Amino acid sequence: MKWTSMIAIFTLFWVLSAFLVLPFGIRTHDEAGIEKVPGQAESAPANFNPKRIAKRATVLALVLFGLFYLNYVNDWVSVNVFDFYTGPEG
């Protein structure tokens, strides 16, 4: 696998991971006991921390990419596993 492909695939895993970890640990102003600004949405986060999200996303993306790369090298799950049109004889 080329290193440019590895960077592109890791980036895709990182973006997916960022969206996956985004809602964890977020509290609204009502949950945190902080007064809201007039006109503020009820669901606005009170403790949003982009550095924490980026660190969590990076760790999760490293794990997911590591599993992807191990599968690529060892061929645990290949395209043939998802071939539903040929019979069991091949």
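Just to confirm a number: summing +1 for Lys and Arg and -1 for Asp and Glu over residues other than THR58 whose beta-carbon lies under 12 angstrom from that of THR58, what do you get? Summing Lys and Arg as +1 and Asp and Glu as -1 gives +4. Taking a sphere under 12 Å around the Cβ of PHE24 and counting the other residues whose Cβ falls inside, with K and R at +1 and D and E at -1, yields a net charge of +3.
The label point for GLN40 and the one for PHE19, both projected 7 Å from the Cα toward the Cβ, are 2.8 nm apart.
The trypsin sites (Lys or Arg not before Pro) found in the range 3-90 that occupy coil by DSSP, while having at most 16 further C-beta atoms within 10 Å, are ARG27, LYS36. Highest mobility in the GNM of the chain, judged by mean-square fluctuation with C-alpha springs under 10 Å and restricted to ALA18, ALA54, ALA46, is found for ALA46. Equivalent ellipsoid of the range 3-82: semi-axes from √(5λ) of the C-alpha gyration tensor, largest first, are 38, 12, 10 Å.
Read the figures in this text as sums done on the coordinates, not as results from a lab. Note that the structure is predicted; figures quoted are calculated from it, not measured. When we count neighbours, we look across all protein chains shown, and the Cβ atoms used for this are built from the backbone with ideal geometry, even at glycine.
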